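The values are calculated or read from the model by the stated rules, or taken from the named source; none is laboratory data. Computed from a predicted model, the values in this text were never measured in an experiment. Note that we place each Cβ from the backbone using ideal geometry, even for glycine, and neighbour counts take in every protein chain shown. Each accessible area value is taken on the protein alone, full model and side chains, heavy atoms only, with ligands, DNA and RNA left out. Shrake-Rupley method; radii C 1.70, N 1.55, O 1.52, S 1.80 Å.
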Amino acid sequence: MSVLKRVQQWATFARIWHLYDAAWQNPFYSAELLKKYLMGAHKPIYHPMNDCGDHVIVINSSDIALPGDEWKKRVYFHHTGYPGGASWTLAWELHKKDPTLVLKKAVYNSMDGNLQRRYTMERLHIFPDANVPSNLLSNISNQIKQLRPKPKRLDEYTEKEIQEFPKLIDLPKNHILR
Amino acid sequence: MNTIFKQIRNLRLNINFQNKSISLFSPLRLKEINETQNKNELIISGHIVNSGREPYLLKNPHPTVCPVCASGLDIKHTDVLILSQFVRTDGCMLPRRTTGLCRRSQKRISTLVAMAQKSGLMPNLTPANSKKDPKKRYGWKKYNKYFDESTIKIR
């Protein structure tokens with residue numbers, strides 16, 4: 001094996017570390033995206049028996065966004081096994097308890113329940129904010145594009161930007177400013 | 001001291017009452033009302049001011065059509081720079097006689113404004129007594145949410 005081929009072999013089977021910013025992203029659509037990277041399904045060498053999955057570091061998981069009123073409609077079920085041991089937790093209550101759990105469960109449930117699932121989940125590193133340990137941060141070599149752009153709040157624009165933005169309507173002369 | 005304050009308060013109440021009963025201001029085409037308090041007298045002055053929008057106003061190529069329909073924009077609830085043109089400083093939607101929109105657009109824009117407010121994207125355009133920061137809201141409302149514009153039902 002030539003030197004070049006050997007390096008190609010290393011590069012092919014090396015695990016890559018990806019970064020994903022979950023701020024204002026739907027965790028359930030993000031799970032479908034992240035699952036491909038975690039399982040290695042985005043690689044041409046992918047095979048279920050081939051251990052070629054990548055690592056994904058997810059930051060800002062406390063800022064995930066759900067559509068409409070799904071925070072109070074989505075319910076997580078747990079049963080202790082004892083009679084009367086059923087409990088139902090709303091998504092926002094679970095998120096309040098641990099801001100990484102909604103995303104973690106979304107990725108876990110998006111994958112098929114086989115023996116590989118637990119090992120694939122080991123490669124997912126979720127952080128509620130942007131504070132990632134530097135030994136993990138130094139591995140990152142790729143960033144996964146966000147599914148929807150993070151919306152900019154009105155108070156984040158400068159006074160000048162708001163004033164000089166093209167206006168659709170003008171206020172009538174008899175309008176009283178309040 | 002206390003009695004003076006009481007008198008001032010009474011004076012202000014009286015003046016406000018007079019103001020309402022004879023409606024001094026709205027028919028006189030005023031733009032801004034200023035209240036200045038000098039010891040025992042309250043001066044209420046109104047004057048016409050420019051809205052500041054004239055140089056940046058988009059030209060409507062079809063004057064018979066409402067400005068939003070004529071612009072042909074697909075406005076989303078995240079376009080706060082557009083939506084903030086249709087609200088008062090307390091975040092309340094301007095009426096149709098002021099905005100001059102068609103019935104459909106007015107309905108759609110007001111729904112989009114409500115969506116933007118619920119997502120906490122216009123926290124500086126809120127009533128004075130509200131908590132400006134969306135993270136300070138109660139319960140599930142403090143977490144980020146977004147909306148799908150295709151769910152707006154307009155006939």
Q. Do we have any residue at all in segment B:22-35 that's at pLDDT below 80 and more than 14 Å from every other protein chain (Cβ to nearest Cβ)?
A. yes
Q: Among the residues of segment A:133-178, count how many are in contact (Cβ under 8 Å) with a residue 24 or more places away in the chain, closer than 23 Å to A:E32 by Cβ and away from chain B (no Cβ under 14 Å).
A: 5
Q: Could you please let me know if A:L103 is farther than 14 Å from A:P27 by Cα and either touching a residue at least 60 places away in the same chain (Cβ under 8 Å) or not basic (K, R) (or both)?
A: no
Q) Quick check: is even one residue across segment A:10-25 free of Cβ contacts under 8 Å to residues at least 60 places away in the same chain, over 24 Å from the mean Cα position of the chain (by Cα) and more than 27 Å from A:N114 (Cα to Cα)? A) yes
Q) Residues in segment B:35-50 that are in a strand (DSSP E or B), of a type in the set (S, T, N, Q) and open to solvent by 80 Å² or more (accessible area, probe 1.4 Å): how many? A) 0
Q: Scan segment A:91-104 and give yes if some residue there is open to solvent by 80 Å² or more (accessible area, probe 1.4 Å), among the basic types (K, R) and within 12 Å of the chain's Cα centre (by Cα), otherwise no.
A: yes
(Q) Suppose we keep only residues that are of a type in the set (S, T, N, Q) and in contact with an Asp or Glu (Cβ under 9 Å, 6 or more places away or on another chain) within segment A:105-121. Which one would you say is surrounded by the most Cβ atoms within 10 Å (Cβ to Cβ)? (A) A:S110
Q: Quick one: which residue in A:L124, A:L168 is open to solvent by less than 40 Å² (accessible area, probe 1.4 Å) and within 30 Å of B:T98 (Cα to Cα)?
A: A:L168
**Q.** Within segment A:19-40, tally of residues that are of a type outside the set (F, W, Y) and part of a loop (DSSP other than H, G, I, E, B)
**A.** 5
